[in-house]
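To start, the structure under review is shown below, and the notes come after it.
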Amino acid sequence: MKLSSKIAKIASAVLALTLLLSLTGCQMVARFIGDVLREVMPMQTEAPDIEPTPYPQPTERVVDEACENALKELDARMFAESVSGDALSFHLTVAHPQNFAGITDYPTGWGDFSYAKAIEETEAEKAWLDELRTIDRDKLSDDSRITYDTLEQYLEMSIASMDYYYYNEVLDTLVGLHSNLPLNLVFYDMHNKADVENYLALLADTPRYVGQILTFEQEKSADGKFMRDEALDKVLEQLKAFIDSRETCFLFATFDEFIADIDELTDGERKGYSKKNEALVNALIDSYQVLYDGLDALRGTATVSGPLCEYGDEGKEFFAEELMYNACSNITPSEALDILYAELDAQVNRLYDAAKDDPTIFDSFDSIDLTVGTTEENIEYLKELMADYYPALPEHTLTFMDCPSELEDQFSPAAYLIPPVDDPSENLIILNVKTLGEDTRYLDTLAHESYPGHLYHYQYLRTLVDKTGYMRQALSMGGYYESWSQSGEVFFDNHNDKFGAAYCNMMSANSMIGNLLLPAIASIEINYFGKTADDTAKLVAQYFGDEAAEELKDVYYRYAVENPFYFLEYALGFSIYQQELRAAQETCEGNFDYRSFVETYLNLGPTYFNISMPIMDEWINEHR
């Protein structure tokens, strides 16, 4: 679910942050761009010669311990507040709350999802921002300056987002709160009797929380911001699928499996808890029926039929604000388009390069299954590939679970469960067996979710808590995290020794163009600049031909209108990072060291690209 910083926090942040999803295997475009490229092969675009900005040598300065301590103390308070909003966020984000002096109240329910709560949170953020700015940034260490700048930018964006509260949509047709909520309950692991009691308390609070979701949608309708009927039909269909699963709902079996492994429970207690869970799950399903009926009653109240620009200047302003949030960078829509079009050229060049390496490569499109065997064997292969290119990780475990069958049609091919900030040793990847059965790029999917993608990234970042503080580790920064995981796919494409870089790059670039960059570009063009589906067809035709363009124009347009920020989160961060990486490779030439580049970038910790990229420019300058 892609929500603004304000809504992501108020509407149970964990529902937006818990799962990191893979786009690999989600094919809007099953066609091959090579069929068009064969006819225009001489028109290869040369990569731009990017000169990094020269930076003066830093002058020696004295770090003030009082300023450092003030920032650390503020960071701790912000973190404690951010994770205490609801029981599930708390349970999944903090493994050992007793170790945090600032965490004194343990939440038991879903928290308060209301306009009044959003106002209250905004006022708290304003106070934090004022307090942050009393700290003398010039007297902080380099690492603390990054934390200062990151927190300042986060707070500024979150405060600004309050102006557009009702533009947000929590019932997203792709990965909405209504789809994520039942699945996230599965991730509430239970190890003792107290965990069982806390889980049941959270489950008991769900009907109230679902009622607040309906209230939000009713308020959106009254404000003229309710979803189009086409989107409503999809949301209602998804709700009905869960409602109709009453007899076989996965929340019955998963609960019984959890409590079966808790030794301190007697058989009688297990039976009693199972009966209570059954009643509460039925109450949850009943609340979904109430939500269904309440939403259906709002049918026809949408005031626009198309993109955000139809709301006028305010709609465009909202889009521009949310674009920055999803890109993890303070860029404008025009700047975002420049970045995306540049990456489009770069991905086309990947295809040309693949054809240069193997002139017959286009004839083998989608003909090889990228797998070396079982899931475990694929994981070991990826770990072997990356061993010389990435820093080592601390000890950790990885397990897999299948996505519940009721959610297969709404779920990504795979997803990584974000580990607690204070104990990332246990890791979980959810696999969608139904979708993966048709996935011919399984190693790309696993590279995205595991090594060197999300799992590796989070494992490494959690070792930096002493320098980053906790709040940066807990921020919702999808563009930052997805840029790394998708770059993990590119690493596999280039370094695998079993399927050939030419084939893997051809498959990857084709998918990046059709399933990532073009829909992201279309969303900006449509939502901010008012382009039409026919305008989109002209763009798509350049890459996939006229026939495919006629088919895809309505698909891209619908995604842009219903899910305006979904692809931006994946596309913009990926493009920014890849362009910096290529600039380093081209500028440093023989001096380029991949491991040194990625380790330097990793050690900056979670932050926005407008903060990290100038620092990486310095790295390029030093290694040219």
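The values are calculated or read from the model by the stated rules, or taken from the named source; none is laboratory data. Please read all numbers here as calculations on a predicted model, not as lab measurements. Here the Cβ positions follow ideal geometry from the backbone for every residue, glycine too, while neighbour counts run over all protein chains shown. The protein model used for the area step is the full one, side chains on, heavy atoms only, and it has no ligands, DNA or RNA in it. Shrake-Rupley method; radii C 1.70, N 1.55, O 1.52, S 1.80 Å.
Assorted remarks:
- Region 179-203 - residue that is among the acidic types (D, E) and assigned to a helix (DSSP H, G or I) and, of those, surrounded by the fewest Cβ atoms within 10 Å (Cβ to Cβ): E197
- Pairs with Cβ under 6 Å, 6+ apart, first in region 96-108 and farther than 15 Å from M471 by Cα, second assigned to a loop (DSSP other than H, G, I, E, B): H96/D422; P107/S84; P107/D86
Residue-by-condition table, conditions (1) among the hydrophobic types (A, V, I, L, M, F, W, C); (2) open to solvent by less than 40 Å² (accessible area, probe 1.4 Å):
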| site | (1), (2) |
| --- | --- |
| L382 | yes, yes |
| D388 | no, no |
| M401 | yes, no |
| A415 | yes, yes |
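- Those residues of region 324-363 which are in a helix (DSSP H, G or I), in contact with a Phe, Trp or Tyr (Cβ under 7 Å, 6 or more places away or on another chain) and closer than 30 Å to I430 by Cα, in sequence order: N326
- Residue in region 462-479 that is in contact with a Cys (Cβ under 7 Å, 6 or more places away or on another chain), open to solvent by less than 10 Å² (accessible area, probe 1.4 Å), at negative phi and of a type outside the set (K, R) present: yes
- Residue count for region 532-562, restricted to those that are buried (at least 21 other Cβ atoms within 10 Å of the Cβ) and outside any helix (DSSP H, G or I): 0.
- Residues that are assigned to a helix (DSSP H, G or I) and loosely packed, with under 15 Cβ neighbours inside 10 Å within region 257-273 comprise E257, A260, D267, G268, E269, K271, G272, listed in sequence order.
- Selection from region 229-251 of residues that are farther than 15 Å from Q289 by Cα and in contact with a helix residue (DSSP H, G or I) (Cβ under 7 Å, 6 or more places away or on another chain): A231, F250, L251
- No other residue among S523, S575 is within 27 Å of the chain's Cα centre (by Cα), modelled with pLDDT of 95 or more, closer than 23 Å to T607 by Cα and crowded, with 24+ Cβ neighbours inside 10 Å apart from S575.
- Qualifying residue in region 339-355 (condition: closer than 19 Å to D444 by Cβ and either touching a strand residue (DSSP E or B) at 6+ places or on another chain (Cβ under 9 Å) or open to solvent by 50 Å² or more (accessible area, probe 1.4 Å) (or both)): yes
- Cβ-Cβ contacts under 9 Å between residues 6 or more apart (or on different chains), taken from a first residue in region 379-391 that is without any contact (Cβ under 8 Å) to a residue 24 or more places away in the chain to a second residue that is surrounded by fewer than 21 Cβ atoms within 10 Å (Cβ to Cβ) and of a type outside the set (S, T, Y), are listed as E380/V372.
- Single condition S596 does not satisfy, out of (1) farther than 30 Å from G530 by Cβ; (2) open to solvent by less than 10 Å² (accessible area, probe 1.4 Å); (3) of a type in the set (G, A, S): (2)
- Meets criteria (crowded, with 20+ Cβ neighbours inside 10 Å, closer than 27 Å to E569 by Cβ and among the small types (G, A, S)) for S158: yes
- Qualifying residue in region 143-154 (condition: surrounded by 15 or more Cβ atoms within 10 Å (Cβ to Cβ), under 27 Å from A327 (Cβ atoms), among the aromatic types (F, W, Y) and within 20 Å of the chain's Cα centre (by Cα)): yes
- Subset of region 94-137 [acidic (D, E) and either open to solvent by less than 30 Å² (accessible area, probe 1.4 Å) or touching a strand residue (DSSP E or B) at 6+ places or on another chain (Cβ under 6 Å) (or both)]: E121, E125
- Those residues of region 425-435 which are out of contact with any Asp or Glu (no Cβ under 7 Å at 6 or more places or on another chain) and either buried (at least 22 other Cβ atoms within 10 Å of the Cβ) or free of Cβ contacts under 8 Å to residues at least 12 places away in the same chain (or both), in sequence order: I430
- Counted residues, region 290-303 - those being outside any helix (DSSP H, G or I), surrounded by 14 or more Cβ atoms within 10 Å (Cβ to Cβ) and either without any contact (Cβ under 8 Å) to a residue 60 or more places away in the chain or not aliphatic (A, V, I, L, M) (or both): 2
- In region 225-246, the condition of being closer than 23 Å to G109 by Cα and outside any helix (DSSP H, G or I) is met by no residue.
- Taken together, P452, P413 contain a single residue that is more than 16 Å from V186 (Cβ to Cβ) and modelled with pLDDT under 95, which is P413.
- Scanning region 307-321 for residues that are open to solvent by 10 Å² or more (accessible area, probe 1.4 Å) and touching a residue at least 40 places away in the same chain (Cβ under 8 Å) returns L308, C309, Y311, E314, K316, E317, A320, E321.
- Of the residues T375, T445, T397, T440, the single one that is farther than 23 Å from T600 by Cα, hydroxyl-bearing (S, T, Y) and surrounded by 21 or more Cβ atoms within 10 Å (Cβ to Cβ) is T445.
- In region 168-178, the residues that are in contact with a helix residue (DSSP H, G or I) (Cβ under 7 Å, 6 or more places away or on another chain) and either polar (S, T, N, Q) or open to solvent by less than 30 Å² (accessible area, probe 1.4 Å) (or both): N168, V170, L171, T173, G176, L177, H178
- Tally, over region 389-422, of residues that are touching a Lys or Arg at 6+ places or on another chain (Cβ under 6 Å) and part of a loop (DSSP other than H, G, I, E, B): 1
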